[in-house]
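Everything on this sheet refers to the single structure shown next.
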Amino acid sequence: MRKSKKLETFPNLVAMFLDRVEQRGDTPFLWAKREGEWRSISYTDAARQVAALSASLIGLGCKPGDRVMLVSENRPEWLIADLAIMAAGCVTVPTYTTNTTRDHTHILTNSGARAVIVSSQKLAKALIPAVLFASDCQDVIGIEDIRTGQPVNGARFHQWDELLAGPSDLGAVKERIAGIGRDDLACLIYTSGTGGAPRGVRQHHGAILHNVAACLDVIANDFGWDDEVFLSFLPASHAYEHSGGQMFPIGLGAQIYFAESLEKLAANIEEVRPTLMVVVPRLFEMLRQRMLKAIEKQGGIPQKLMARALSIGKERYEQGSIAIKDWPADVAVKLLLKRKVSQKFGGRIKAMVSGGAPLNPDVGLFFHSLGITLLQGYGQTESGPVISCNRPKNGIRLETVGPPLLNTEVKFAEDGELLVRGELVMHGYWNNEEETARVLKDGWLHTGDVGHFDEAGRIVITDRKKDLIVNDKGDNVSPQRVEGMLTLQPEIAQAMVFGDRRPHLVALLVPEPELVTACKRNDAAIRAGLQKAVDRVNAELSVIEKVRRFTLADEAFSVENEQMTPSMKIRRHVLKQVYGERLDALYGK
């Protein structure tokens, strides 16, 4: 394939896909494991399916601009459906598989979705009751067999295979999309929201194409653009995975493997041997803990080797090189440790791009010390979503999120808020002029994040304006920084700190299962173990950041109990509702 350093300018996302189909033809495109074997769909066959499904959607009565909701786990059909919806001139409304009936009802009614595609009976269980309340939804398409019984609220039910069996005319698709421009709406992505009801972000074709071209600039110039292989496991309904893990690979003419599950991710990485992955910090925090525990159990030489690797890695990161006396140890680390770690990641990984939440620099340094290139990026659903990314050629600094992407303007307001302008910025929230006016001013997106540029033009995010804790003396504290340090401790699985308008911070903690088991579920012993972890963190914090007291959560924060968003951010307002009295009581002791 032609490996130019710039992505061609396309009028829309479907046009980019069809161009790659012409270039890649019968080469593999989408992979999924079926009956224990990885099986592929070629670019050509995927295009045939996109053409057939888009024609069927039009046959059902879908018109240009109509919204079509997509409820599915990551699988080849997800991306085929997404492209087909856009190829019909419609707008994709992707939703999380973890959504409740209430979530689906809100999105169906707010978006006015004309039809919905759902993957399985399991996911249909929460969806179908929502269709009852959605007068605009007229068609429900099941990728697998959906047993529905009687029609729901007049909606008709259709089978995926039947719709794909229709005529497949790529010429007709090209004619239809000729009128779709970069400013036209591609998808409505509902932000999972750490507070309040989700809002529909209007992402136009140009916003995502901007991200694809800018990210290709990073790969082509910093790593070299070859026959890339992606492993997809983050929810495709999230803007980060949608742009970075689905559309970006299309721009590269790459192959996409869909992971079987989070539990099988490690095995899938070794099997697939990806060259690029889009990841979130929580994955690396968990991997780091597991690796350290495994090494600790081995003891002896492996433990000393890991300690040496981390000390050399820190020296190289801080000084730019290592002392001559450390060369022999560095060679030993490469041969005995880094090679094994590389194989665990498939052996040919170029970079893993971390986004969706802040990456603790200590976690990043850990993996860099072991030879894994981890690039921290930054963005928001409202910006395509990627705004910046660390780049090796600029020097990777783990306390930063790198320089702005190509053709992306960034500046900081007087109060330090990061503002961004460019084609990547959304056109606003769906049917929400008030919120749109609040964040879009004079063409600039007001991100709500506070930071500055470092001496090399890399962005440093220091705080989140609305998440800042302001104590009773007026001091500002970043809760994410303290929470990040707490969860790096082996005893603490999750944490939320609390203390707005209070004299000091307190915390809500979820202990690691290993601590609970080791303490034989004895509450006093668990608290003692957690106190030691909190004491270690407090030793590294300023006076205003120290956690004075803590209480234990009744259960882990999760998407299912609505205490985390699908992108694994804690929902502070929910946790405060559930544990508010207990947290308040900590100040009376």
Straight-line reach from K569: which lysines have Cα under 26 Å away, leaving out those fewer than 8 places along the same chain?
K122, K125, K264, K293, K411, K465, K466, K532, K546
In degrees, nearest ten, helix 101-111 long axis to first principal axis of the chain (Cα)
60
Can you give me the long-range amide H partners of H204? Hydrogens built in the peptide plane at 1.01 Å from N, cutoff under 5 Å, separation of 5 or more residues or another chain.
A186, H427
How long is the gain from E144 to A307 if the chain were fully straight, where each residue apart is worth 0.36 nm and the alpha carbon distance is subtracted?
53.7 nm
Close lysine pairs (segment 324-379; alpha-carbon distance under 19 Å; 8 or more apart or on separate chains) counted at 5
Relative to the first principal axis of the alpha-carbon coordinates of the chain, what is the inclination of helix 121-131, with its axis defined by its Cα atoms, in degrees from 0 to 90 and to the nearest 10?
70
What angle, in degrees between 0 and 90 and rounded to the nearest 10, separates the Cα long axis of helix 300-319 from the longest principal axis of the Cα atoms of the chain?
80
Contact order relative to length of the chain, as percent, for alpha carbon pairs under 8 angstrom and 6 or more apart
11
Suppose the chain between R316 and A528 were pulled fully straight at 0.36 nm per residue; how much longer would it get relative to their current alpha carbon spacing?
72.6 nm
So, with points 7 Å from each Cα along the Cβ direction, the Q121-E263 label distance in nm works out to 2.0
Burial order of peptide ranges 119-125, 356-362 (average beta-carbon count within 10 Å, highest first):
356-362, 119-125
Counting only DSSP beta bridges fully inside the chain, the antiparallel percentage to nearest 5 is 50
Find the centroid of the Cα atoms in segment 71-109 and in segment 432-494, then give the distance between the two in whole Å.
30
Efficiency of FRET between K411 and D584 - r from beta-carbon atoms, R0 56 angstrom, step 0.05
0.90
Protection proxy ranking of 52-62, 323-333 - average other beta-carbon atoms within 10 Å, highest first
52-62, 323-333
Explain nothing, just compute: Karplus ³J(HN,Hα) = 6.51 cos²θ - 1.76 cosθ + 1.60, θ = phi - 60°, for every residue of segment 428-441 in order, whole Hz, x for Gly and Pro.
x, 8, 5, 6, 8, 5, 5, 5, 4, 5, 6, 9, 10, 9
Least to most buried among H452, H504 (fewest other Cβ within 10 Å first):
H452, H504
Ascending count of other beta-carbon atoms within 10 Å, so fewest first, for S311, S478:
S311, S478
Estimated 222 nm signal from helices in the chain, with DSSP H stretches of n ≥ 4 weighted -39500 (n - 2.57), rounded to 500
-11000 deg cm²/dmol
Label point distance in nm, V460-D136, each placed 7 Å from Cα along Cα→Cβ
4.5
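Read-outs throughout are calculated quantities, based only on the coordinates presented, and are distinct from any laboratory measurement. This is a predicted model, so every value here is computed, not measured. Cβ sites come from the backbone with ideal geometry, for glycine too, and all protein chains shown count toward neighbours.
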